[in-house]
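Report on the structure given below.
The values are calculated or read from the model by the stated rules, or taken from the named source; none is laboratory data. The shown structure was predicted, so the numbers you read here are calculated from the model rather than taken from an experiment. Neighbour counts run over all protein chains shown; Cβ positions are idealised from the backbone, glycine included. Only protein heavy atoms, including side chains, enter the accessible area calculation; ligands, DNA and RNA are left aside. Shrake-Rupley method; radii C 1.70, N 1.55, O 1.52, S 1.80 Å.
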Amino acid sequence: MKAIILAAGLGTRFKSDKPKVLHEMLGKPMIWYVLRYLKASNIVDIGVVASHKKEQIMDYLKDENVSFFEQSNPKGGTADALMAGKSFFEDMTDYVFVVNGDTPLVKEDTIKGMQRFLHMVEEYEHKTIGALVLSSFLPDPTGYGRIVKNPQGDVIKIVEEKEATYDQKQINEVNAGVYMFYVPYLLEAFKHLKPSEKTNELYITDIIEIMANQGITCRSFMASEITEIFGVNDRWELSFAESVIKMRLLESFARAGVSLHSPESIYIEPDVVIEKDAEIFPNTVLKGNTHIKKSSKIMNGSYIENSSIGEDTTILPMSYIKDSIIEDDCTIGPMCHIRDNSHVGKKSHIGNFVELKNAKLKEQVYAKHLSYLGDIEIGEKTNIGAGVVIANFDGKHKHKTHIGKKVFIGSNALIIAPRNIEDKAFIAGGSVITRDIPKKALAVERSELRILENKSKIED
Amino acid sequence: MKAIILAAGLGTRFKSDKPKVLHEMLGKPMIWYVLRYLKASNIVDIGVVASHKKEQIMDYLKDENVSFFEQSNPKGGTADALMAGKSFFEDMTDYVFVVNGDTPLVKEDTIKGMQRFLHMVEEYEHKTIGALVLSSFLPDPTGYGRIVKNPQGDVIKIVEEKEATYDQKQINEVNAGVYMFYVPYLLEAFKHLKPSEKTNELYITDIIEIMANQGITCRSFMASEITEIFGVNDRWELSFAESVIKMRLLESFARAGVSLHSPESIYIEPDVVIEKDAEIFPNTVLKGNTHIKKSSKIMNGSYIENSSIGEDTTILPMSYIKDSIIEDDCTIGPMCHIRDNSHVGKKSHIGNFVELKNAKLKEQVYAKHLSYLGDIEIGEKTNIGAGVVIANFDGKHKHKTHIGKKVFIGSNALIIAPRNIEDKAFIAGGSVITRDIPKKALAVERSELRILENKSKIED
Amino acid sequence: MKAIILAAGLGTRFKSDKPKVLHEMLGKPMIWYVLRYLKASNIVDIGVVASHKKEQIMDYLKDENVSFFEQSNPKGGTADALMAGKSFFEDMTDYVFVVNGDTPLVKEDTIKGMQRFLHMVEEYEHKTIGALVLSSFLPDPTGYGRIVKNPQGDVIKIVEEKEATYDQKQINEVNAGVYMFYVPYLLEAFKHLKPSEKTNELYITDIIEIMANQGITCRSFMASEITEIFGVNDRWELSFAESVIKMRLLESFARAGVSLHSPESIYIEPDVVIEKDAEIFPNTVLKGNTHIKKSSKIMNGSYIENSSIGEDTTILPMSYIKDSIIEDDCTIGPMCHIRDNSHVGKKSHIGNFVELKNAKLKEQVYAKHLSYLGDIEIGEKTNIGAGVVIANFDGKHKHKTHIGKKVFIGSNALIIAPRNIEDKAFIAGGSVITRDIPKKALAVERSELRILENKSKIED
């Protein structure tokens, strides 16, 4: 089965320079979700009909191996858009799946169910269905196109809200705008389509009535969840759809053995992986290619992007980790910042108000307070005091620093890079280090302390 | 049309020393919302009936140009409160709008709809309605006063839950406690009011039955949303009402072209302005007179109060900005603190654990790590190293510092204010600066570095 | 009345090494909530039937004064589990309360209501009920066991979804799995129980039909909230149950006079106490034995664990406080970290990027920026500058520091512990303090500042 995605709409209600289908939900454009459920249903031969700002869409999809078609008149209507892609499917004697690019919530199981349904009707009823229409039953169907059926249960028409009779308005089954069409019948139906008298547009929904009038059986297939039929027409609806996908992702992790607290407050993107027995607390953010390993804890308000968190590691509240790796058994945060390909070895502790930037730490490194460690390698069991700064930038260039094993860097010390501090060196607190320090050396930069009695001038 | 707000209730369920109508939702007292929807409906001549702690209410409203009336007995009932304001409307041959101060969710469009309805009945039915009662249909009306109608659809009575018959309890249309009364009929009805036998209170709801018995037509008008009729009786209901208003604000921004992620997790106050194509991430806080400009991004957990954020500026997660201006194309945060009339020029970067207090930065200033910059001006293209502190307080007074253009302040440097560092000066890392530094000078305060071989005492 | 908690289930859907009933909601194992509502209903004589990983359960409950029973076959079914505890109740001529350990949401008022109901039936109907079944009416009962009644309203059977007839599936009243059984009748019923043909398990639900067949009256009692009957079968359901309990806690505080903003975004644990007129902002976390006193404010994103916050104290956003005491009238944060038995005296200010660790501060201490204060006592009215660090760790041991009253510690100063800084001492900015400083002394450690004209090498 091929699929055709209609992405030619103007999306004016988005009030955006970006085409509607490229607006992002959880860091991915809306159309990415459509492609994902199609591919997950083994529909890999995909055409996209674009028009308005088509270059942006083509550019985004350039690595997705899809075929492009242009609707010359973006106000031609849905059927005009579909006909613009006719060359993509006209040779088939199979079904073509037709979906709007703004319908990101369809589930792959539903598509597989539609496919099975077509097979079963062929097998048991010996009929080829002309159109299988995805539908849902809404308690309040106001605003949606209604599925009109004959007494045998075949769909004979889809009527829009504004054209529905009083009786038709009572119908609760509504159209999702997602179809499987049998191509030979579809091509035949195209010939009979007429523009709407009101809008001059050609509508896909009219195809059902045309087929039914020709004696072709059309059926509806009920979505497993009401949300599946949701179309996204503005940014408010976009945030709703984003929440639906987010909750589906989180539910699947919880069912697989991840503990979640207040899942509705957790932000997660679709490429994130969370292993069993991890525990995720409220208001956390998990973005990009993030991997949360077994039995780790991500605490309240922490933000993790494109990073890996090791087993049994705890990320304390309000930590920010990006593009980095934290190994097993670490304690990180609260309120630290780890970024730019940093790597924190096992059993290390990174504490509050510490920034790691391109910092490679071996095992059991401690840097617990108020430090900036940039462009640096640090050996195992080294302790970095509070207020330590690596001056990696001289105003023109960035330089690298190497600190060995079991080194002690005293508080408020400043290391002027490039620098090499060898194993077991001891840097006295407050020192500015402008030379390399050999193994086991003690380095001190400090003046005499003068104590002037009764000179504090502090009043009683 | 005049309006009278009844704000005399004791509000005992709030368990507060503050009158109920002054409890805040999104930073504004509940009664502010009532005034706002009245004024938005062009009802500007407003009376307020207070009693319990009336001074606090009068004080809050002193600039709002409203008339005050006192209900001498705060337990006199709703009609007694209304009668306390009689002198405000008794000369009118028009309608008076009557609303409780604890009904903050009515929409201006609903009020305008009520006004249109009165005009239409006059025009087409040639009737003057005595009372138009705002109502809603609730699936479960338990606890609410029910709207009893005659077969013609006129309201003939409002019955409270506890006095309703079995049949009346089946009525789903409930009373919002929001009315438009035709004044001459209202004054006449006042004469017939009798205190409740149970509570000795006079009730506004009794006015409907009095009018109906006199052959005066009363009607109900359905609110467009169920939430509009919501009255706030304790702090739990207050937080519900706050959420409703918050979601309405956010929805209006999303529909206007702002991208919101997990809008229910965003806190926003009603004076905030957000421009098109701005993107607001979860758990952010936007308070007071905050202005978020075009295409800016406010990322997760950031807090912005009374501040302006420029175009294409990104506020990274967990930043705190108050009473300040950030210009265009800046990168701010994560985890920085900008406050007290700070001003950050275009293309500047303020990074983690940096505090700006009354700091005026020109364009392209970089201060990316662990700094305190207080009471300072900084010229363009100046770079502030990690750990830099401006010592603006000497124990008694605060002093100002000026740093020029293209200055380099080395890491962990301390500038003792008041100080003037001229253009292109270079302050060596770790220096304490106790004198002004001329243009292009290099300043160093540093002792000799002593390296004592094999003296580190770190064990193997 | 005795109660027996069935906690022998395998809980396979939790995918965990920990028994299901020990999974935590708001920091307490699920079974803690069951014990809590039993004890709150004055049911103190409690038996627990365990099997799968019973040692962990017994260990957790070791101080709870409960009796343990082992179900030898964890796949024996619910009635087999109940029979495993038979020796706990077989001597009673009273009711035994039977509940699953995975049913944490029952309310104590409901249990008291069930007890009253039993008494009333005895008193007015002169009947001893054999089984009183907790039930609820669900709009969609799919998946739940249905309560089948005779025309007199007595329960005659409970049928599981999969065994229900079409008519039985229409029943909306469902079984909560919570029962009060009259012990003599229960023991008799045990004799007639037969294993399910399908699963070979013995079911408690079969007891109802057995009793009804013996002419014993069984009744159902409706839970006051639908959520009460909720059973927790996997971690997704666990997070739902956690949210229900959280919202109940928050509602009770709001009704008692606490102001909450976006309560659904607040995380609170059951041992937390919040006093009247406190105000809690969105995305805050209140854990463990935390006490929030009168009229204090906990602002957005702050995290407080096992700590006490004084009256009229404000915790600014994104602060992290653990195991500490903050006195009245303090201003704390934003973005500070207070931990390890710290104690902050009245009217003190602790500002951004400040860490207090085991720090005892008297009244009016100011430490507003970028400091690490560890293992320290500080006297009243002392001011700590920005960037100050107490070097409490020498690489081997931690040392203590004492700072007196009205001391001024200049910015970026480093105090090497152990140290004693006496009252009214003044430490110059940037000094490293390696000796004790007497009262009123001025201490300076600083080199000469060299200013090299035109040596900055910064290009134009």
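Couplings 3J(HN,Hα) of segment C:68-82, computed from phi: 9, 9, 10, 8, 5, 10, x, 9, x, x, 5, 6, 5, 4, 4 Hz, in residue order, whole Hz [Karplus 6.51 cos²θ - 1.76 cosθ + 1.60, θ = phi - 60°; x for Gly and Pro]. Rounded to the nearest whole Hz, the Karplus-based 3J(HN,Hα) values (6.51 cos²θ - 1.76 cosθ + 1.60, θ = phi - 60°) of segment C:346-358 follow the sequence 4, 6, 7, 10, 10, x, 6, 6, 9, 10, 10, 10, 6, with x at glycine and proline. At a Cα cut-off below 16 Å, give the aspartates and glutamates reachable from B:Lys86, other chains included and same-chain residues fewer than 8 away excluded. Leaving aside aspartates and glutamates fewer than 8 places away in the same chain, those within reach of B:Lys86 are B:Asp45, B:Glu70, B:Asp94, B:Glu188.
Loop-resident trypsin sites (Lys or Arg not before Pro) (DSSP state other than H, G, I, E or B) in segment B:143-219 with no more than 16 further Cβ atoms inside 10 Å of their Cβ: B:Lys191, B:Lys198.
Using only side-chain charges placed at the Cβ, +1 for Lys and Arg and -1 for Asp and Glu, the dipole size of the protein assembly as shown relative to its Cα centre rounds to 4960 debye. Relative contact order for segment B:120-239: 36 percent, from Cα pairs under 8 Å spaced at least 6 residues apart, divided by residue count.
Label segment C:235-443 by shape, choosing from rounded, prolate and oblate, from the square roots a ≥ b ≥ c of the eigenvalues of the Cα gyration tensor; if a/c is under 1.5 it is rounded, and otherwise prolate applies when a/b is larger than b/c, oblate when it is not. Prolate, since a/c reaches 1.5 and a/b exceeds b/c.
Going from the chain on its own to the full set of protein chains, segment A:267-285 has these residues losing 50 Å² or more of accessible surface (heavy atoms, 1.4 Å probe, no ligands, DNA or RNA): A:Tyr267, A:Asn283.
Solvent-accessible surface of segment C:290-383, taken per residue with a 1.4 Å probe and all protein chains present: 28 Å². Approximating the spin labels as points 7 Å out from Cα along Cα→Cβ, the A:Ile451-to-C:Gln214 distance works out to 8.8 nm. Between copies, B:Phe137 shows label-point distances of 2.1, 2.1 nm, shortest first, with the point placed 7 angstrom from Cα along Cα to C-beta.
Which Cα, out of B:Gly215, B:Leu250, B:Pro317, lies furthest along the positive dipole direction of segment B:170-328 (beta carbon charges, K/R +1, D/E -1)? The Cα lying farthest towards the positive end belongs to B:Gly215. Amide H to amide H, with H built 1.01 Å from N, A:Gly27 comes under 5 Å of no residue 5 or more places away or on another chain.
For segment C:235-443, the share of accessible area belonging to carbon and sulfur comes to 47 percent (1.4 Å probe, ligands and nucleic acids excluded). Compared with its chain on its own, segment C:398-437 contains the following residues whose accessible area drops by 40 Å² or more in the full protein assembly (probe 1.4 Å; ligands, DNA and RNA excluded): C:Lys406, C:Phe408, C:Ser411, C:Asn412, C:Leu414, C:Lys424, C:Phe426, C:Val432, C:Arg435. Amide hydrogen proximity for C:Lys322: with H placed 1.01 Å from N in the peptide plane, the residues at 5 or more positions away or on another chain lying under 5 Å are C:Glu305, C:Ile338, C:Arg339, C:Asp340.
Using C-alpha pairs under 8 Å with a sequence gap of at least 6, the mean separation divided by the residue count of chain B gives a relative contact order of 8 percent.
Within the accessible area of segment B:1-122, the carbon and sulfur atoms contribute 45%, probe 1.4 Å, all protein chains present.
In this label model, B:Thr128 and A:Asp436 are separated by 10.1 nm, measuring between points 7 Å along each Cα→Cβ vector. Between A:Phe117 and A:Asn150, the C-beta separation translates, for a Förster distance of 25 Å, into a calculated FRET efficiency of about 0.85. For segment B:15-63, a/c is not less than 1.5, where a ≥ b ≥ c are the root eigenvalues of the C-alpha gyration tensor, and a/b does not top b/c. That puts it in the oblate class. Label point of A:Asn233 (7 Å along Cα→beta-carbon): distances to the other copies' equivalent points are 3.8, 3.8 nm, sorted ascending. Checking every one of the GluC sites (Glu not before Pro) in segment C:1-76 against DSSP loop status and a limit of 10 other Cβ atoms within 10 Å picks out no site at all.
Compared with its chain on its own, segment C:327-345 contains the following residues whose accessible area drops by 10 Å² or more in the full protein assembly (probe 1.4 Å; ligands, DNA and RNA excluded): C:Pro334, C:Met335, C:His337, C:Arg339. Scalar couplings 3J(HN,Hα) for segment A:307-315, obtained by applying the Karplus form with A = 6.51, B = -1.76, C = 1.60 to θ = phi - 60°, are 9, 10, 10, x, 5, 6, 8, 10, 9 Hz; x denotes Gly and Pro.
Once the 1.4 Å probe is applied to the protein heavy atoms, segment A:2-229 comes out at 46 Å² accessible per residue. Taking amide H as placed 1.01 Å from N in the peptide plane, the amide H of A:Met222 sits under 5 Å from that of A:Ser135, each at least 5 places away or on another chain. Position C:Lys198: other-copy label points at 5.1, 5.1 nm, ordered by increasing distance, label point 7 Å along Cα→C-beta.
When the trypsin sites (Lys or Arg not before Pro) in segment A:372-442 are filtered for DSSP coil states and for at most 11 other beta-carbon atoms within 10 Å of their beta-carbon, the remaining sites are A:Lys396. Taking the longest Cα principal axis of chain B as reference, the axis of helix B:30-40 is set at about 70 degrees. Could you tell me which of rounded, prolate or oblate describes segment C:1-118, using a ≥ b ≥ c as the square roots of the eigenvalues of the alpha-carbon gyration tensor, with rounded for a/c under 1.5 and, failing that, prolate when a/b is larger than b/c and oblate otherwise? Here segment C:1-118 falls in the oblate category. Look at the alpha carbon pairs under 8 Å that are at least 6 residues apart: their mean separation over the length of segment B:2-229 gives a relative contact order of 23 percent. The charge dipole of segment C:44-203, taken about the Cα centre with unit charges on the Cβ atoms of Lys, Arg (+1) and Asp, Glu (-1), comes to about 400 debye, rounded to the nearest 20. Buried accessible surface for the B/C chain pair comes to about 4700 Å², total over both chains, computed with a 1.4 Å probe.
Computed from point charges on the beta carbon alone (+1 for Lys and Arg, -1 for Asp and Glu), the dipole magnitude for segment C:13-67 about its Cα centre is near 280 Debye.
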